[in-house]
Amino acid sequence: MTGFKLQRIGMLMEPEPGNPREVEGVLNPAAARGPDGQLYLFPRLVAKGNYSRIGIARVRFNADGDPAGVERLGIALEPEADYERRPDGGGGCEDPRVTFVEPLQCYLMTYTAFSPRGPRIALAQSKDLFHWQRLGLATFAPCNGIALDSVDDKDASLFPVAIPNPSGHPELAILHRPLFPGTRPEETACRPESRELDLDRESIWISYSAMAPEGGEPDRLGRFTSHHRLATPVSPWERLKIGGGTPPILTRHGWLIVYHGVSDLAEPGNEEHQLCYSAGVMVLSKQHPQVILYRSTEPVLKPELSQERSGTIANVVFPTGIDRRDDLGAPDRFDVYYGMADNRIGVARLDVPDLLPLGRTADPPEARV
């Protein structure tokens, strides 16, 4: 096998008729195997007024072992903390990712909390995937004179094991995407094709935090420090922005992430800038995840189905959940769960090749789009 192959399995979940919690969409789920070995999704459920909760659903599989449907089980989190609510009664717990962090022996959820301050990364922990304890907002040390705690941030996910920080000390590592002013796709789409990137600001970052003692309960995680720019837009399909997608998962080649990139579909002479969200693959070194070993030059998944091209936001595939199919004896098969046009949830099969294919390995500082 050559190259990363991603094949759609189908649409898995859509808004339930008559359910007010889902009237504006079901999208962008986290995915995790529970202590019982079953697979659970944590979809973002959007009620009227963009009021978002994080639900719980058990995945049902068909005779071939492919995901075929879900059983709704309730709510994991809904806006209750002050950093999740707005004065007008709105608020949001959005776009979760769930990782079982081995040194802590618990599941950690990263999600976007939406309050008057804007989107911020929040965390919660669980032993069983059904009972979640909030850990508060993630905090970040300043970087290059910028107070990261005051910057909007999204698309966060955690590594499942301790990762060496730049000094070589094992710590909890997080991938995240600070939304610095002027770097949103809606803003950068209006710039000419030849614009130069601000490499420090339009990127996926990796940061590190000391963990609680082995087996200890992380009542609150420490501040994230040692910030490093991991990757910035390089290829045309991700010209406007890249951001995290599925949590890092270890493969034979290194840490695999399926990330998202944003491009502009505007036609010449048309002042309307329609955005397109596609998905690509990145492989990071197992020993030193700051090193990119492979990166897609073309998307592995882009909006093609009607459910991906039409919805709450058109032309969106947004990967957030991943499941290694050890249960089928297929450790090189990964099922990727993704949002479809910010309204539904789809699933696709990603097969990891025997050899890491040739392709762009990094984005040098002089990179341009």
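The values are calculated or read from the model by the stated rules, or taken from the named source; none is laboratory data. For clarity, every value in this text was computed on a predicted model and none was experimentally measured. Glycine also receives a Cβ, built like all others from the backbone with ideal geometry; neighbour counts cover every protein chain displayed.
Counting only residues that are within 22 Å of Val317 (Cβ to Cβ) and either part of a loop (DSSP other than H, G, I, E, B) or touching a Phe, Trp or Tyr at 6+ places or on another chain (Cβ under 6 Å) (or both), which one in the range 346-362 is modelled with the lowest pLDDT?
Among those that are within 22 Å of Val317 (Cβ to Cβ) and either part of a loop (DSSP other than H, G, I, E, B) or touching a Phe, Trp or Tyr at 6+ places or on another chain (Cβ under 6 Å) (or both), it is Gly359.
Search the range 21-52 for residues being in contact (Cβ under 8 Å) with a residue 60 or more places away in the chain and outside any strand (DSSP E or B), and hand back the single one that is farthest from Tyr111 (Cα to Cα).
Gly37
What's the number of the condition Ser226 fails, among (1) polar (S, T, N, Q); (2) more than 30 Å from Val352 (Cα to Cα); (3) modelled with pLDDT of 90 or more; (4) assigned to a loop (DSSP other than H, G, I, E, B)?
All conditions are met except number (4).
Picking from Arg97, Arg120, which residue would you name as being part of a strand (DSSP E or B), within 22 Å of the chain's Cα centre (by Cα), of a type outside the set (A, V, I, L, M, F, W, C) and more than 12 Å from Ala30 (Cβ to Cβ)?
Only one candidate qualifies: Arg120.
Does the range 294-308 include one or more residues that are crowded, with 20+ Cβ neighbours inside 10 Å, out of contact with any Gly (no Cβ under 7 Å at 6 or more places or on another chain), assigned to a loop (DSSP other than H, G, I, E, B) and at pLDDT below 95?
Checked the range 294-308: no residue is crowded, with 20+ Cβ neighbours inside 10 Å, out of contact with any Gly (no Cβ under 7 Å at 6 or more places or on another chain), assigned to a loop (DSSP other than H, G, I, E, B) and at pLDDT below 95.
Among the numbered conditions (1) in contact with a helix residue (DSSP H, G or I) (Cβ under 6 Å, 6 or more places away or on another chain); (2) surrounded by fewer than 23 Cβ atoms within 10 Å (Cβ to Cβ), tell me where Asn165 comes up short.
Every listed condition holds for Asn165 apart from (1).
Could you please find all residues in the range 123-135 being within 20 Å of the chain's Cα centre (by Cα) and assigned to a strand (DSSP E or B)?
As a first pass, look at the range 123-135 and keep what is within 20 Å of the chain's Cα centre (by Cα): 123-126, 129, 132, 134-135.
Those that are within 20 Å of the chain's Cα centre (by Cα) and assigned to a strand (DSSP E or B): Leu123, Ala124, Gln125, Ser126, Arg134, Leu135.
Of all residues in the range 83-112, count the ones that are over 21 Å from Pro319 (Cβ atoms) and in contact with a strand residue (DSSP E or B) (Cβ under 7 Å, 6 or more places away or on another chain).
Final tally of qualifying residues: 7.
Can you name the residue in the range 3-19 that is on the phi > 0 side of the Ramachandran plot and in contact (Cβ under 8 Å) with a residue 60 or more places away in the chain and is also surrounded by the most Cβ atoms within 10 Å (Cβ to Cβ) among such residues?
Gly3
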